[in-house]
């Protein structure tokens, strides 16, 4: 997220900028390679090293921006750089503290990292562009939803080939596809760039997207769980497998509504569409093996209801503003 906002304000696309960006990408790859070991064995070495590489490069980008700017913008950029570098010292503590203390340090460092932008920009905001920001976040949302489709596809393919369970898997596949398509439609139905006008609004919107990204990814993982439970590979209850899909779907709906959809809805009926859909999706959890399919149908009907209400409002506004004959 920090890189997205920096790029919106200071991306000059020269050779040095691209080289430092490649260093950041390398850091992300190292971090990603260590995620499994961090969760399974509490081995944080690769994760911390990868993150430090990525963030030190980010601090260098801020220092470079500060050199070419005049006060107070230069002060803001240097504060960003100093805050990012200081946080990396804290992250290194994960490599040396006792295992039972690492979880608490992790939470503290998350809060500190997320506080750096607010502290650095308390007196002078960076000059990001709303259209660029909304486009970057939208692209990542598409990527995550695409990964969700890919994960579900692999699970369905495996269920059919290894277990010959087309009847059990097909409802999950259809429901999952409807959920992902509806999630895409709902996220991109409003021009959110027109809402991003202040740093306060934008910080809440940007950080809130963690729930958008994580819930969208969790839908894909949940579809895999639902398929494995349906074919007997996952030894959990049908209720738990259904909840693995319906819970993140409900979180996605509520988060998208809270972050930007509600700012473009007019009237109680339009405002209630997504919260009501979230409640109905949660209710689908208790429908057994048809939970995912019914949840998908609920979301398809939600999209249809949203389109209908918006069309009616647009027609009323057109009639109100149309000149008399």
Exercise. What ranking, highest mean first, results for peptides 272-285, 182-195 when packing means the other Cβ atoms within 10 Å averaged over each residue?
Worked result: 272-285, 182-195
For this session: Please list the equivalent ellipsoid semi-axes of segment 2-120, computed as the square roots of five times the alpha-carbon gyration tensor eigenvalues, in descending order and whole angstrom.
Result: 28, 17, 9
Exercise. Of 222, 176, 50, which has the largest mean-square fluctuation in a 10 Å C-alpha GNM of the chain?
Worked result: 50
For this session: Report the label-to-label distance for residue 312 and residue 300 in nanometres (one decimal), using points 7 Å from each Cα along the Cα→Cβ vector.
Result: 2.2
Exercise. In angstroms, what radius of gyration and Dmax does segment 148-199 have, counting Cα atoms only?
Worked result: 16.9, 55
Problem set entry | Sequence ranges 92-104, 243-255, ranked by mean other-Cβ count within 10 angstrom, highest first | 243-255, 92-104
Exercise. Just how far, in whole angstrom, is segment 11-69 from segment 200-265 if you go by their alpha carbon centroids?
Worked result: 28
Problem set entry | Reference-scaled alpha-carbon Rg (2.2 N^0.38 Å with N residues) for segment 130-320 | 1.08
Exercise. Applying 1/(1 + (r/R0)^6) with R0 = 56 Å to the Cβ-Cβ distance of residue 154 and residue 132, what FRET efficiency is obtained, to the nearest 0.05?
Worked result: 0.95
Exercise. Label points 7 Å out from Cα along the Cβ direction at residue 194 and residue 119: separation in nm?
Worked result: 3.8
Problem set entry | Which of 294, 154 has the fewest Cβ neighbours within 10 Å, and the rest in rising order | 154, 294
Exercise. Quick one: 321, 314, fewest Cβ neighbours within 10 Å first, how do they rank?
Worked result: 321, 314
Exercise. Say R0 is 51 Å: what FRET efficiency, to the nearest 0.05, do residue 26 and residue 235 get from their beta-carbon distance?
Worked result: 0.80
Seminar exercise, completed: When 168, 135, 315 are arranged by how many other beta-carbons sit within 10 Å of their Cβ, fewest first, they go 315, 135, 168
Exercise. With each run of n ≥ 4 DSSP H residues scored as -39500 (n - 2.57), what mean residue ellipticity at 222 nm is computed for the chain after dividing by its residue count and rounding to the nearest 500 deg cm²/dmol?
Worked result: -27500 deg cm²/dmol
Problem set entry | For the chain, alpha-carbon Rg relative to the globular expectation (2.2 N^0.38 Å, N residues) | 1.15
For this session: Report the semi-axes of the equivalent ellipsoid for segment 117-236 in whole Å, largest first, where each axis is √(5λ) for an eigenvalue λ of the Cα gyration tensor.
Result: 39, 14, 9
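We did not get these values from a lab; they are worked out from the coordinates using the rules stated. What you are looking at is a predicted structure, and each value in this text was computed from that prediction instead of being measured. For neighbour counting, all protein chains shown are included, and Cβ atoms are generated from backbone atoms with ideal geometry for every residue, glycine included.
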